[in-house]
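Student: Have a look at this one.
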Amino acid sequence: MTHKQVLLVEDEPNIAEAIRFILTRAGWGVAVEPSGSQAIARICEERPAAVILDLMLPGRSGLEILAELRADAALSATPVLMLTARGQGRDREAATAAGATAFLAKPFANADLLAALEAMAGAEPATGPATGPHR
């Protein structure tokens, strides 16, 4: 698999570390941004192959960040996987309406995270074990 970069916008350190571990094992380079208010600047700076964006963040919501990303011609095509601890239908609908490429509710299986990320970033599926839920 090609070494691709992903920017993870997640304010919970334990979740960020778990996702970083899963993705680096699968060959991804992972940068983490814990602040919603700094997310767009980091996306502009990093130009990742994909963004994993938490719905609820300090500073700005994931939906606000996603709307700004989609409104910027230079960034609008960036694939975004939206994560939320609230798996309610209205969250999924709001994320889809705002332009999320994919959506996962926490807890999620490692394989689901990898499959969603690889599908939206156009990567080859990873091989090897990738199971188990993470919160």
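The values are calculated or read from the model by the stated rules, or taken from the named source; none is laboratory data. As the structure is a computational prediction, the values presented were derived from the model and not from experiment. With ideal geometry, Cβ positions are generated from the backbone for all residues, glycine too; neighbour counts draw on all protein chains shown.
Student: Give the residue that is modelled with the lowest pLDDT, with candidates limited to residues of the stretch 70-88 that are surrounded by 14 or more Cβ atoms within 10 Å (Cβ to Cβ) and not in a loop (DSSP other than H, G, I, E, B).
Tutor: Thr84
Student: Okay, next question. Among the residues of the stretch 46-87, which ones are among the polar types (S, T, N, Q) and more than 18 Å from Asp112 (Cα to Cα)? Working first, answer last.
Tutor: So the first thing to find is which residues in the stretch 46-87 are among the polar types (S, T, N, Q), and the list is 61, 76, 78, 84.
Selection gives Ser61, Ser76, Thr78.
Student: Residues of the stretch 99-112 being touching a Leu at 6+ places or on another chain (Cβ under 7 Å) and either in a loop (DSSP other than H, G, I, E, B) or under 14 Å from Ala85 (Cβ atoms) (or both), which ones?
Tutor: As a first pass, look at the stretch 99-112 and keep what is touching a Leu at 6+ places or on another chain (Cβ under 7 Å): 99-102, 104, 106, 112.
Those that are touching a Leu at 6+ places or on another chain (Cβ under 7 Å) and either in a loop (DSSP other than H, G, I, E, B) or under 14 Å from Ala85 (Cβ atoms) (or both): Gly99, Ala100, Thr101, Leu104, Lys106.
Student: Would you tally the residues in the stretch 26-61 being assigned to a strand (DSSP E or B), within 16 Å of Lys4 (Cβ to Cβ) and within 12 Å of the chain's Cα centre (by Cα)? Give the steps one after another, and end with the answer.
Tutor: Filtering the stretch 26-61 down to residues assigned to a strand (DSSP E or B) leaves 29-33, 50-54.
With within 16 Å of Lys4 (Cβ to Cβ) added as a condition, the list becomes 29-32, 50-52.
From what is left, the residues that are within 12 Å of the chain's Cα centre (by Cα) are 30-32, 50-52.
Residues in the stretch 26-61 being assigned to a strand (DSSP E or B), within 16 Å of Lys4 (Cβ to Cβ) and within 12 Å of the chain's Cα centre (by Cα): 6 in total.
Student: Hey, another quick one. Out of everything in the stretch 1-25 that is aliphatic (A, V, I, L, M) and crowded, with 20+ Cβ neighbours inside 10 Å, what residue ends up being farthest from the chain's Cα centre (by Cα)?
Tutor: Here is the first cut: in the stretch 1-25, the ones aliphatic (A, V, I, L, M) are 1, 6-9, 15-16, 18-19, 22-23.
Still in the list and also crowded, with 20+ Cβ neighbours inside 10 Å: 6-9, 19, 22-23.
On the way: Val6: 8, Leu7: 7, Leu8: 5, Val9: 7, Ile19: 9, Ile22: 13, Leu23: 11 Å.
Checking each candidate, the answer is Ile22.
Student: Could you tell me whether Arg42 is in contact with a strand residue (DSSP E or B) (Cβ under 7 Å, 6 or more places away or on another chain) and either farther than 21 Å from Gly122 by Cβ or among the polar types (S, T, N, Q) (or both)?
Tutor: Numbers: in contact with a strand residue (DSSP E or B) (Cβ under 7 Å, 6 or more places away or on another chain): yes; either farther than 21 Å from Gly122 by Cβ or among the polar types (S, T, N, Q) (or both): yes.
Here the answer is yes, as Arg42 does meet what is asked.
Student: Among (1) surrounded by 16 or more Cβ atoms within 10 Å (Cβ to Cβ); (2) closer than 27 Å to Glu45 by Cβ; (3) over 14 Å from the mean Cα position of the chain (by Cα), which single condition is Asp91 missing?
Tutor: (2)
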